[in-house]
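I have placed the structure first, in the form of structure tokens, so that the comments after it can refer back to it.
The values are calculated or read from the model by the stated rules, or taken from the named source; none is laboratory data. Please read these numbers as outputs of a predicted model, since none were measured by experiment. Glycine gets a Cβ as well: all are built from the backbone with ideal geometry, and neighbour counts include every protein chain shown. What goes into the accessible areas is simple: the full protein's heavy atoms, side chains included, and nothing from ligands, DNA or RNA. Shrake-Rupley method; radii C 1.70, N 1.55, O 1.52, S 1.80 Å.
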Amino acid sequence: MKKITAFTLATALASAAAPALAQEQGDMTLGFGFASVMPADKTNTTLAGNLSVDDNVRPTLTFEYFVADNIGVEVLAAWPFEHTVSHPALGDIVKTKHLPPTISVNYHFTNKSSVTPFVGVGVNYTTFWDDNAIGLLTGTPVSLDDSWGIALHAGLDFKLTERSSLRTDIRWIDIDTDVTVGGADIGTVSIDPLVVGVSYVMKF
């Protein structure tokens, strides 16, 4: 009996000392939330002068599949973002919409806390459409080229239940687009936004 008791106690202590896995291979999560796309606070010198792009908030959807313990492949989708391109002298000159689907590989750290951090890296494809000249450029043909770039990701999951959590995260995405106005290539605009989000994540 003493041996059994000692073995049971040792097993319990070992289990208590062992960190719990944040996520296990085969797990899947689905997240619903909102994100703010905040282009880098810098000017873009083009043939048209210094251009800037404003912020925008939209609903987001994420799906993540864990290919190994703690390692997940995540797809980010969103409702189309809308931005206004401005010139310091001309004011608002272009309105555009874009979708920034992003695929990332995330590593979720192992710990015994109700807060689990993660980091990730991936690739982003941003497609622009519905480009319209406004203000002083109204009626002028405008287009923004699509973009491929790296995406960096980090965040925290705050455990709510065994199968749900509240997530806050931040991404940096490399987005560069060539802008054409009136058929003339006026240069490249580096948007390079920070994307700050909050979402409700379910595991199944």
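Of Thr180, Thr168, all but one fail to be β-branched (Val, Ile, Thr) and exposed (fewer than 15 other Cβ atoms within 10 Å of the Cβ); the exception is Thr168.
Considering the range 129-156, and only residues there that are of a type in the set (A, V, I, L, M) and open to solvent by less than 50 Å² (accessible area, probe 1.4 Å), the residue that is farthest from Gln25 (Cα to Cα) turns out to be Leu137.
Conditions (1) under 20 Å from Asp92 (Cβ atoms); (2) in contact with a helix residue (DSSP H, G or I) (Cβ under 6 Å, 6 or more places away or on another chain); (3) of a type outside the set (Gly, Ala, Ser), marked per residue:
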site: Val123; (1), (2), (3): no, no, yes
site: Trp129; (1), (2), (3): yes, no, yes
site: Leu136; (1), (2), (3): yes, no, yes
site: Gly149; (1), (2), (3): no, no, no
site: Ala154; (1), (2), (3): no, no, no
site: Ile170; (1), (2), (3): no, no, yes
site: Thr180; (1), (2), (3): yes, no, yes
site: Leu194; (1), (2), (3): no, no, yes
site: Val201; (1), (2), (3): no, no, yes
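For the range 130-164, give me each residue that is under 20 Å from the mean Cα position of the chain (by Cα) and of a type outside the set (D, E, K, R). Of everything in the range 130-164, those that are under 20 Å from the mean Cα position of the chain (by Cα) and of a type outside the set (D, E, K, R) turn out to be Ser147, Trp148, Gly149, Ile150, Ala151, Leu152, His153, Ala154, Gly155, Leu156, Phe158, Ser164.
Mind checking which residues of the range 108-128 are closer than 13 Å to Gln23 by Cα, buried (at least 16 other Cβ atoms within 10 Å of the Cβ) and not hydrophobic (A, V, I, L, M, F, W, C)? Hits for the range 108-128 are His108, Thr116.
Per this entry, Thr138 is not counted among residues that are in contact (Cβ under 8 Å) with a residue 12 or more places away in the chain, touching a strand residue (DSSP E or B) at 6+ places or on another chain (Cβ under 9 Å) and not charged (D, E, K, R). Look at Asp174 and say whether it is under 12 Å from the mean Cα position of the chain (by Cα) and among the acidic types (Asp, Glu). So Asp174 fits the description; yes.
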